[in-house]
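Only one structure is covered here, and it is reproduced in the block below.
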Amino acid sequence: MLKNLLDKICFAFGVILFLQLPQFIDQYTQRIGGYVDSQQAQIAEYQMLADRHFDGDLNAYITRLKQNPDPVIADSAQQLNTLIVNSESLAHEAEIYETKPLWYTIPYFISHFRIDLVKGTARNFTPGMPINLWSWLYGLVGGVLFSLFFNGVISLPKILIRKKTVSVSNNHPTIHS
């Protein structure tokens, strides 16, 4: 009876835990969106300078910064270049999280997460109860996995004890340790 109760508790815990993954990815997506908006606003400021002085060619503006003899200004060209690359990469990720279905975004998240954004999302994470089918399916998978894990852990001592019993092989009794 206790085993059945613990199995049900493990199942419920797995469901609740796995239901939070889509919620976490939702909040992670919002955080990425905020970063994208902030970075694009910064780039827009540089674009205005490029519009005024380089006929809108931001790359020409960056090249001019690189050629400046003052190392501080030349280094700012590299920072701007890095900002543009990071912004494009984040915008691509945000598009994936916003447009792809959950069955695609969860594996994508597991293989492409940004640790700084994950930490920030985790610090501000608010658990919730998602109401879409994919979230519930992930919850069910989590419940089954936790239940299987629990039952495997419970069965392990029986398996180990069984290996130490006497077996007969080729009519010769042997003891396995």
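A short reminder: the numbers here are calculations on the coordinates, not readings from a lab. Because the structure is predicted, anything quoted here is derived from the model rather than measured. Here Cβ is always computed from backbone atoms with ideal geometry, including for glycine, and neighbour counts include all displayed protein chains.
Let me check against my output: what whole-number percent is the relative contact order of the chain, with C-alpha pairs under 8 Å and at least 6 apart? Don't skip to the answer; put the middle values down first.
Values: 147 pairs, mean separation 70.8, N = 177.
After rounding, I find 40 percent.
Can you give the local net charge around Ile154? Use residues other than it whose beta-carbon is closer than 11 angstrom to its beta-carbon, Lys and Arg +1, Asp and Glu -1.
Details: positive: Lys3, Lys158; negative: Asp7.
Every neighbour counted, the sum reads +1.
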Could you rank the peptides 10-22, 44-56 by their average count of other C-beta atoms within 10 Å per residue, with the highest value first? 10-22, 44-56
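Which three numbers, in whole Å and largest first, are the semi-axes of the equivalent ellipsoid of region 105-159 derived from its Cα gyration tensor as √(5λ)? Working shown, then result.
Details: eigenvalues 169, 54, 28 Å².
Its equivalent ellipsoid spans semi-axes of 29, 16, 12 Å.
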Could you give log10 I(q)/I(0) at q = 0.20, 0.21 Å⁻¹ for region 55-138, computed by the Debye formula over C-alpha point scatterers of equal weight, without solvent? -1.00, -1.05
Could you tell me the distance between the Cα centroids of region 1-66 and region 110-135, to the nearest Å? 10 Å
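Rounded to two decimals, what is the ratio between the C-alpha radius of gyration of the chain and 2.2 N^0.38 Å?
On the way: Rg = 27.5 Å, N = 177, 2.2 N^0.38 = 15.7 Å.
Rounded to two decimals, the normalised Rg is 1.75.
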